[in-house]
Amino acid sequence: MRAPGTHQTRSEQGYHLLFFYANSAWVKCSAVGFLLFGGGVVFYLLWQRLSEDASPDSVAGYILAFAGMGFLLLAAFRYSMVRRARKRAIGQLNASLNWHMCFGLVGLALLFLHSFGNFNPRSGTYALYGMIAMVISGSVGKILDRILPRLITQEVHQTLTSSGEDKVERISRKLQAVSEQKKGSSKLQLSLAGILYGRDQSQPGLAGTQRRDASMVGLSIPPSWDLAYISLEETPQELKQREITLATNPTSGNETQKQMLEIKNVQHSLHKEQFYRYTLRYWRLIHKLLALVTLGLTIWHLVYALQLLIPVWLKH
């Protein structure tokens, strides 16, 4: 039997870092992706079996090329439209990201079949390399997009108390209270006149020659009456009072060190959280740059192919 307050649900404990749940949207995207890829493979094998013209510039090659480019464009524009939409349902962006990956992988597979095994050092090969790099970066980005938010959540929990309060603010209040308490116990309430004439300001009612003479014991008159020559360093009385304070309250120093160590831990968690956020942001930027490079290589390949094919079409 658990003690009251010790039971924790799964939502309180959190999921494992590599936890994966195949929801209905993910299953649907995977099924559609495998069907499309399977259809492309069947078409590729049937064309190789029934036709002697198995090349990228054949009818089958054009069909696979247009289909692959269509899926890649669909992956890019559909996800961009959903992401920029002002009104979208809960979970729609995640579902759109699944379709984005599905169409991207299917498009790459169909373009790979479009080559028919011809990987000569031409423009089409470079465009294919760019698409492979783009898809790989997108797959890695999907993994980071799943793992890093969980790591960010863990670091955020390190900066908050169990009640949701900011730890730094709470520790600052504690340190301020400890500092005020230490000031109250260690502050010497002796003014310059008290040092010179033995007057204790903490007891203003005391007066008389006898008390002045008693308070002068152990006190030395400064060599100069000019305030500019009074040292700003701690006096022997202040040092002695600090030793008395530490002797009477030895836990105050340890408590302050613990609070400072906790602040350092919170700062470390904040730095890690910032690093995770920048990693996500810059990886998405890298993926977009690779997409632009791939688009340029694809346009170069299309121009190169049209320069070779247009004269042939004109002859026919």
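The values are calculated or read from the model by the stated rules, or taken from the named source; none is laboratory data. These numbers were taken from a predicted model, which means no experiment stands behind them. With ideal geometry, Cβ positions are generated from the backbone for all residues, glycine too; neighbour counts draw on all protein chains shown.
General observations
- Some residue of segment 11-31 being farther than 22 Å from Ala305 by Cα, at pLDDT 85 or above and crowded, with 17+ Cβ neighbours inside 10 Å: yes
- Odd one out for His157 among (1) more than 19 Å from Gln267 (Cα to Cα); (2) at pLDDT below 85; (3) not aliphatic (A, V, I, L, M): (1)
- Selection status of Val82, under 17 Å from Ile286 (Cα atoms), crowded, with 16+ Cβ neighbours inside 10 Å and free of Cβ contacts under 8 Å to residues at least 60 places away in the same chain: no
- Residue check, Tyr229 modelled with pLDDT of 85 or more, hydroxyl-bearing (Ser, Thr, Tyr) and outside the structural domain of Arg122 (by TED's automatic domain parsing): no
- From the list Thr294, Thr279, the one residue that fits, being out of contact with any His (no Cβ under 9 Å at 6 or more places or on another chain), at pLDDT 85 or above, more than 30 Å from Ala65 (Cβ to Cβ) and of a type in the set (Val, Ile, Thr), is Thr279.
- Within segment 138-151, the presence of a residue that is on the phi > 0 side of the Ramachandran plot, modelled with pLDDT of 65 or more and either in contact with a Ser or Thr (Cβ under 7 Å, 6 or more places away or on another chain) or part of a loop (DSSP other than H, G, I, E, B) (or both) is excluded.
- From the list Leu93, Leu128, Leu73, the one residue that fits, being touching a Lys or Arg at 6+ places or on another chain (Cβ under 7 Å), in the same structural domain as Leu289 (by TED's automatic domain parsing), without any contact (Cβ under 8 Å) to a residue 40 or more places away in the chain and within 22 Å of Ile286 (Cβ to Cβ), is Leu93.
- Members of segment 44-57 found to be in a loop (DSSP other than H, G, I, E, B) and in contact (Cβ under 8 Å) with a residue 12 or more places away in the chain, listed by number: Ala54, Ser55, Pro56, Asp57
- For segment 106-125, residues that are surrounded by fewer than 19 Cβ atoms within 10 Å (Cβ to Cβ), in contact (Cβ under 8 Å) with a residue 60 or more places away in the chain and assigned to a helix (DSSP H, G or I) total 1.
- Residues that are surrounded by 11 or more Cβ atoms within 10 Å (Cβ to Cβ) and not hydroxyl-bearing (Ser, Thr, Tyr), drawn from segment 293-305: Val293, Leu295, Gly296, Leu297, Ile299, Trp300, His301, Leu302, Ala305
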